[in-house]
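Peer 1: Would you mind keeping the following structure in view while I ask a few things?
The values are calculated or read from the model by the stated rules, or taken from the named source; none is laboratory data. Only a predicted model underlies this, so the values are computations on that prediction, with no experimental measurement involved. Cβ: placed from backbone, ideal geometry, glycine included. Neighbour counts: every protein chain shown. These area figures cover heavy atoms from the full protein model, side chains too; ligands, DNA and RNA do not enter into them. Shrake-Rupley method; radii C 1.70, N 1.55, O 1.52, S 1.80 Å.
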Amino acid sequence: MARFNEILVGRYNRFLQKFLSIKGGPPSPQLASEIMATWAMFHGAENRYLEGWDEFAASFSLATGGVGNVDSLRVRNPVGSNVIAVFFKASAATSTPPDTAILESGPSLADLIPNALANNRFDARSRPQTSMNISTTGAPATALGSIKALATMGANFTYDFIVHENQEIPILPGDAIQLRQGTTNQPIIFTLQWRERFLEDSERT
């Protein structure tokens, strides 16, 4: 029997089921027929912690290690971490033109040269250390996964790869994100900022 104001677009019900780990049938099978109160889960950055998110950052000023070499910053989500990381800032800055920066992501089981950061969290209520593996190098370029974006920069220029929420990049266990220089033998500054939380059981399928 059909319901009054029945919702026939299944993806919204699936979102509610997966997000809240609800068992059984559709949790919201029909549109409300009266005015009703709702509560938006997100209010501001200060409430990320209350929703289970911890925020971290990694920023390095890298001097290329020799002629013909380029710099790279990699943040890898280890297999088995049970954590999702969402990157909301990725930027490159240079003082010597011209320079090129590459944003790439994909599966990875390897790090560059490990570069542990002490207490790289934003919110003092959260964990002090990230679950991600942070590494850098000034050796010859090591590509990672597929290129997601390229930027050409002039002198004293900063390029932001992520400028709104639809460009944020989720990295699941076994994947990594990398900022890599495209021009040899030049210094560069890379910055990555992200939030992470534990995966719910319903999200692993």
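Peer 1: Identify all residues within segment 120-136 that are of a type in the set (S, T, N, Q) and open to solvent by less than 40 Å² (accessible area, probe 1.4 Å); write none if there are none.
Peer 2: Those that are of a type in the set (S, T, N, Q) and open to solvent by less than 40 Å² (accessible area, probe 1.4 Å): N120, S126, T130, S131, S135, T136.
Peer 1: Quick one: in segment 137-152, which of the residues that are under 20 Å from I169 (Cβ atoms) and part of a strand (DSSP E or B) is least open to solvent (accessible area, probe 1.4 Å)?
Peer 2: The selected residue is A151.
Peer 1: Taking the conditions exactly as written (within 24 Å of S95 (Cβ to Cβ) and assigned to a loop (DSSP other than H, G, I, E, B)), does T158 satisfy them or not?
Peer 2: The answer is no for T158.
Peer 1: Moving on to the next point. Got at least one residue in segment 85-106 being over 30 Å from A155 (Cα atoms), in a loop (DSSP other than H, G, I, E, B), over 15 Å from the mean Cα position of the chain (by Cα) and modelled with pLDDT under 95?
Peer 2: Among the residues of segment 85-106, not one is over 30 Å from A155 (Cα atoms), in a loop (DSSP other than H, G, I, E, B), over 15 Å from the mean Cα position of the chain (by Cα) and modelled with pLDDT under 95, which makes the answer no.
Peer 1: Tally time: how many residues in segment 162-196 are more than 25 Å from G68 (Cα to Cα) and either basic (K, R) or open to solvent by less than 20 Å² (accessible area, probe 1.4 Å) (or both)?
Peer 2: 6
Peer 1: Can you tell me which of (1) over 23 Å from N115 (Cα atoms); (2) among the aliphatic types (A, V, I, L, M); (3) modelled with pLDDT of 95 or more; (4) assigned to a strand (DSSP E or B) is the one A176 doesn't meet?
Peer 2: Only one criterion in (1) over 23 Å from N115 (Cα atoms); (2) among the aliphatic types (A, V, I, L, M); (3) modelled with pLDDT of 95 or more; (4) assigned to a strand (DSSP E or B) is unmet by A176, namely (1).
Peer 1: Failed condition for R127, given (1) within 19 Å of F60 (Cβ to Cβ); (2) assigned to a loop (DSSP other than H, G, I, E, B), with all others met?
Peer 2: Evaluating R127 over (1) within 19 Å of F60 (Cβ to Cβ); (2) assigned to a loop (DSSP other than H, G, I, E, B) leaves (1) as the failure.
Peer 1: Would you be able to say whether some residue in segment 58-66 is within 13 Å of L192 (Cα to Cα) and exposed (fewer than 15 other Cβ atoms within 10 Å of the Cβ)?
Peer 2: yes
Peer 1: When you check D71 against the structure, is it touching a Leu at 6+ places or on another chain (Cβ under 6 Å) and surrounded by 19 or more Cβ atoms within 10 Å (Cβ to Cβ), yes or no?
Peer 2: yes
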